[in-house]
Amino acid sequence: MIKIELCCGLNCLAHGGQELLDILENDEKYKKKCEIECVNCLDECGNTAEKSPVIKINNKIYRRITSDFLMDLLDRLISE
Amino acid sequence: MEKKDLNIFEKMRGIYTPVTEIRRKVLAAVARMVVEDQPPRYIEYIPYQIIDKNIPTYRESVFKERAIVRERIRLAFGMELKEFGAHGPIHDDDVINTITDLKVLKRPIVNVIKAGCERCPEDSYIVTNLCQGCIAHPCTSVCPKNAVSIQKGKSLIDQLKCIRCGRCAQVCPYNAIAYRERPCATACGVKAISSDEYGFADINYNLCVSCGMCIVSCPFGAIGEKSEIVQIISAIKNGKRVYAEIAPAFVNQFGPLASSAKIRSALKEIGFLDIKEVALGADKVILKEAKELVAILENDNKKNISKDEKQFIGTSCCTSWKMCADRHFPELAKNNISESFAPMVETARVIKEKDPDAIVVFIGPCIAKKEECFIPEVTALVDFVMTFEELVAVFQAFEIDPIEFEEEEPMQDASCIGRNFPVAGGVAQAIIKQTRALLPENKKDREIPHINADTLAKCLTMLKKLKSGKFNPKPLVVEGMACPFGCIGGPGSISSLNRAKNAVKKFAEKAKNALPSDYLKKK
Ligand code: SF4
Ligand code: FES
């Protein structure tokens, strides 16, 4: 299982987090292989758009992650 | 894999683009400036904070990028845009006079930032470089206007002759002919966008109903709306008695963790005295419209209903739809679209009855509500309007995040069907459900035909059909919504459609009362 903690703090959500949430929630593949948790502000964004959205995957923090990067990363982790 | 064709409203929806990013950054920077009490001069630094690179990221030069940001800042302050060619420091305008708790907003709400407009050509068929210059070239044979010819081994469309029938595109074996639409004009359901003499998008304000769909559809972010966040923050800071009324589409807009109670706490922390659900006003509207429908049904047995009598209930909650119907089908609208004011107004009335000094701020997904506030009766009740997107900027400026608050008693101002308003079809359903409850026992099951449309283009088609009597049976409830999928698809919304829809439904189920008549006293 891949452990995902998606920051659902206001800053992350307003700056791309919604899009990540959509992908994680709508794709069966990720739903099956990942344990997805919405969490409070991870205190990594500094309340600015520059560093968000923030996501923690298997305890590793990723900042300003885009959906294409996320999908690619998860696909790789899943196939490992 | 089969991919569904998406319409203009679905294409960029839910994708976080650089256009969105800049829009939100500007709002947040402006809000922060006011919260931090920066001097008016500070405004000139904002473009440099937002475009902070030395090389261009979005356009051909950083100077142009900053010039456009500057225009966005003007809009965020509620100021007029500068005439094209007359760019200058914003500070020269009356910045100081906009940092006030009085209303400064003037029409028009929706504005084209000409400097940012890329002058997309109007809708046309174009030959792409997929064209192989084939021997058969069926494109030339099918054109009824003889507009397609082969030039230098490739097909070429004479735009002056072309009537946009699309036959050539249909027959090309390589799909080499594409239909290129102008995003802003395609999104506009009332055909208010044309070009000025230089080819820049131009809005005809006699037609525009401020729905805001062009704003979210322009891929260059060249259209923007005026905002009132500066005045709202100033009112709070000046210690005015500011109240918020929050539109039913709010559920999930601030994320899955931000419950209604947390949002209320966060708003109170900013300085709002109290928060009411606009669904409360929706309930009042439902009850009123349901009573009107009961009256129509009672009239049913009469043979000849005169033309001036109400024949159906047209919903009245969507400002843009109402304006659009009033303009294009005046008689139909006058007789049949309910006179009741929108839920926003009814809720504001409740607040102002309790506290005559109240300053009421409507928070919703809607831009047209800013326009509605220019109606004199509404001006007296609703002071300011801000969108969810703007509220996020305000939250950020105050460094407040709703989800950090303790869970408390959820909001409980409205009925289940009132809370279902923001999803297309919800208004009609609500009126019907309430009407059935009001009808006498023996008539409860009678059929109540109804229709609904979302997006203005579909609304207009619906009205046209309605006028010529094309619907059978004749609908008794007619719902119109300017935004795709209803208010949840509004230009000021943040959440994705599916999530918003589910969340609204869940929140509605939690309402204590099923129907408005369960708790509102029958007058
Ligand atoms: S879509 Fe945007 S850039 Fe294109 S014409 Fe319309 S306003 Fe201009
Ligand atoms: S809001 Fe996501 S890390 Fe702060």
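The values are calculated or read from the model by the stated rules, or taken from the named source; none is laboratory data. Please read all numbers here as calculations on a predicted model, not as lab measurements. Please note: Cβ atoms are built from the backbone with ideal geometry, for glycine as well, and neighbour counts cover all protein chains shown. Just the protein is used for accessible areas: all its heavy atoms, side chains included, with ligands, DNA and RNA removed. Shrake-Rupley method; radii C 1.70, N 1.55, O 1.52, S 1.80 Å.
Checked against a 26 Å cut-off, the cross-linked pairs A:Lys56/B:Lys262; B:Lys288/B:Lys443; B:Lys4/B:Lys370 give Cα-Cα distances beyond that limit for B:Lys4/B:Lys370.
Put simply, the C-alpha atoms of region A:23-67 give a gyration tensor, and the ellipsoid matching it has half-axes of 22, 11, 9 Å, longest first. Once neighbouring chains are kept in place and the probe is 1.4 Å, which whole percent of the accessible area of region B:124-180 is contributed by carbon and sulfur? The computed percentage sits at 54. For each pair in B:Lys114/B:Lys191; B:Lys11/B:Lys433; A:Lys31/B:Lys501; A:Lys60/B:Lys268, compute the distance between the two Cα atoms and list the pairs where it is over 26 Å. Correct reply: B:Lys11/B:Lys433; A:Lys60/B:Lys268. Based on C-alpha pairs under 8 angstrom that are at least 6 apart in sequence, chain B has a relative contact order of 17 percent. Surface analysis of region B:390-440 yields an accessible area of 34 Å² per residue, using protein heavy atoms and a 1.4 Å probe. From largest to smallest, the equivalent ellipsoid semi-axes obtained for chain B from the alpha-carbon gyration tensor read 39, 35, 20 Å. For region B:144-228, which GluC sites (Glu not before Pro) are both in a DSSP coil and crowded by at most 16 other Cβ atoms within 10 Å? Counting only loop positions with at most 16 other Cβ atoms within 10 Å, the GluC sites (Glu not before Pro) in region B:144-228 are B:Glu181, B:Glu197.
Its convex hull of Cα atoms gives region B:198-294 a direction-averaged projected area, equal to a quarter of the hull surface, of 10.8 nm².
Charges on Cβ only, +1 for Lys and Arg, -1 for Asp and Glu, centred on the Cα centroid of chain B; of B:Tyr48, B:Phe329, B:Tyr243, which one is farthest towards the dipole's positive end? Result: B:Phe329. Both the radius of gyration and Dmax for region B:1-111 are 16.5, 56 Å, in that order, over alpha-carbon atoms.
A quarter of the convex hull surface defined by the alpha-carbon atoms of region B:377-523 gives 12.5 nm² as the mean projection. With semi-axes defined as the square roots of five times the eigenvalues of the C-alpha gyration tensor, the equivalent ellipsoid of chain A measures 20, 12, 11 Å, largest first.
Accessible surface computed residue by residue for region B:49-121, with neighbouring protein chains in place and a 1.4 Å probe, gives 50 Å² per residue. Our coupling estimate for region A:39-49, obtained by passing each phi through the Karplus curve with A = 6.51, B = -1.76, C = 1.60 and θ = phi - 60°, is 10, 5, 3, 7, 6, 10, 9, x, 6, 10, 6 Hz, Gly and Pro reported as x.
Which trypsin sites (Lys or Arg not before Pro) in region B:396-490 sit in a loop by DSSP (not H, G, I, E or B) and have at most 16 other Cβ atoms within 10 Å of their own Cβ? Here the sparse-neighbourhood loop sites are B:Lys444, B:Arg446, B:Lys470.
Treating each Cα of the protein assembly as shown as one equal point scatterer and applying the Debye formula with no solvent, the log10 of I(q)/I(0) at q = 0.06, 0.07, 0.10, 0.11 Å⁻¹ comes out as -0.35, -0.47, -0.95, -1.13.
Sites listed here are GluC sites (Glu not before Pro) in region A:13-50 whose DSSP assignment is loop and whose Cβ has at most 15 other Cβ atoms within 10 Å: A:Glu50. For region B:124-180, the extents of the C-alpha atoms along the principal axes are 23, 19, 17 Å, listed from largest to smallest. Restricting the count to DSSP beta bridges whose residues both fall in the protein assembly as shown, what percent are antiparallel, rounded to a multiple of 5? The antiparallel fraction comes to roughly 45 percent. Counting only DSSP beta bridges with both residues in chain A, the antiparallel share comes to about 50 percent. Helical content alone sets the calculated 222 nm signal of the protein assembly as shown at -10500 deg cm²/dmol, taking -39,500 (n - 2.57) per DSSP H segment of four or more residues and averaging over every residue.
The interface between chain A and chain B buries about 2000 Å² of solvent-accessible area in total (1.4 Å probe, ligands and nucleic acids excluded). Distance between the C-alpha centres of region B:426-440 and region B:233-249: 33 Å, rounded to the whole angstrom.
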